[in-house]
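Bear in mind these aren't lab numbers, they're just calculated from the coordinates by the rules spelled out. None of the values given here were measured: they were computed from a predicted structure. Here Cβ is always computed from backbone atoms with ideal geometry, including for glycine, and neighbour counts include all displayed protein chains.
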Amino acid sequence: MDHLPSSIEAILGRCLAHRRGRDSLLLTRASESISRQPSIILVTSSLGPSGSSISPEHTPLGDNTFPSLSWTLPLGLEDYVSSYMIIIEDPDAPLPQPVVNVAAVKLLISRGGFRYGTNWGQNIWSGPRPILAHGEHRYFFQVIALKADLVTRLGNKPLTKDWLLRELKPHDVLAWGEWIGTCERRHGS
């Protein structure tokens, strides 16, 4: 949609306004390995409480920077975490599946840094850019605490949502939580 005139994009956005809300296809809902675990990670953002608007600096229309996130686990669980995975999805895109914005596995400091996945645009982070006049989109920033070392199991394969849905086992997941940000594009924005 980046290359369409805004008037055409807005017409498409209004025509597709009813095509949204594929929450059941989010990784944390679609994967039995994750959905079986209680959501016990408290995820916060400097943008405000869950449901806050994502500011333009975090979109392709601004600096396209990743918003600041932090999370906490209940006491005692930290000792069992091998890595954290962050995956951001837009279930309101008018597509058959939610748009995966980023998938990253963060290893604990003693093990190294980040292992990045790619999104449907084949890049690591592409901030929110919902279709013009399609309405408000929700972006689910899902943080998953893993007991298993997925990076070793992954090998040289790219980290994708499909791989995670196939390979995550119930004993891999310790806990999860999410922060939801919203974004809407209107004429003139």
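Using alpha-carbon pairs under 8 Å, 6+ residues apart, how would you state the relative contact order of the chain in percent? All intermediate terms of the calculation are to be shown ahead of the outcome.
Details: 400 pairs, mean separation 57.1, N = 189.
Reported relative contact order: 30 percent.
Which residue, Ser68, Ser33, Ser45, has the most motion in a Gaussian network model of the chain that connects Cα atoms within less than 10 Å?
Result for the chain, Cα springs under 10 Å: Ser68 fluctuates most.
Please compute the length gained on full extension between Glu167 and Ser24, using 0.36 nm multiplied by the number of residues separating them and subtracting their Cα-Cα distance. Numbers along the way, then the final one.
Numbers: separation 143, 0.36 × 143 = 51.48 nm, distance 1.88 nm.
Residue separation times 0.36 nm, minus the Cα-Cα distance, leaves 49.6 nm.
In degrees, nearest 10, range 0 to 90: what is the angle between the Cα axis of helix 6-15 and the longest Cα principal axis of the chain?
70 degrees
When a footprinting reagent is the concern and you count Cβ atoms within 10 Å, what order do Asp23, Asp92 take, fewest first? List each step's numbers first, then the result.
Details: Asp23 15, Asp92 26.
Lowest to highest Cβ neighbour count: Asp23, Asp92.
May I ask you to sort Lys157, Lys169, Lys147 by Cβ crowding, counting other Cβ atoms within 10 Å and putting the fewest first?
On the way: Lys157 9, Lys169 12, Lys147 15.
Neighbour counts put them in this order, fewest first: Lys157, Lys169, Lys147.
Report the gain in length on full extension from Arg186 to Gln97: 0.36 nm times residue separation, minus Cα-Cα distance, nm rounded to one decimal.
On the way: separation 89, 0.36 × 89 = 32.04 nm, distance 2.34 nm.
Value of the extension gain: 29.7 nm.
Under unit Cβ charges (Lys, Arg +1; Asp, Glu -1), what dipole magnitude, rounded to 20 debye, does the chain have relative to its Cα centre?
Approximately 360 debye in magnitude.
Among Cys15, Cys183, which comes first, second and so on when ranked by fewest other beta-carbon atoms within 10 Å? Intermediate values should be presented prior to the final figure.
Working: Cys15 13, Cys183 22.
Placing the least packed residue first, the sequence is Cys15, Cys183.
Nearest 20 debye, what's the magnitude of the dipole of segment 1-108 about its Cα centre given +1 on Lys and Arg Cβ and -1 on Asp and Glu Cβ?
On the way: 7 positive and 11 negative charges, 68 e Å.
Result for segment 1-108 is approximately 320 debye, rounded to the nearest 20.
If you restrict to DSSP beta bridges whose two residues both lie in the chain, what percentage is antiparallel, to the nearest 5?
On the way: 33 of 37 bridges.
Taking every DSSP beta bridge with both residues in the chain, the antiparallel ones total about 90 percent.
Residues with amide H under 5 Å of Val173's amide H, sequence separation 5 or more or different chain, H placed in the peptide plane at 1.01 Å from N; which?
Lys147
Taking the dipole about the Cα centre of segment 1-96, with the C-beta of Lys and Arg at +1 and of Asp and Glu at -1, give me whichever of Ser50, Gln37, Leu95 is farthest to the positive side.
Toward the positive end, the furthest listed residue is Leu95.
Rounded to the nearest whole Å³, what is the per residue volume of the convex hull around the Cα atoms of the chain? Display every interim value, and only then the final one.
Details: hull volume 22.5 nm³, N = 189.
Dividing the Cα hull volume of the chain by its residues yields 119 Å³.
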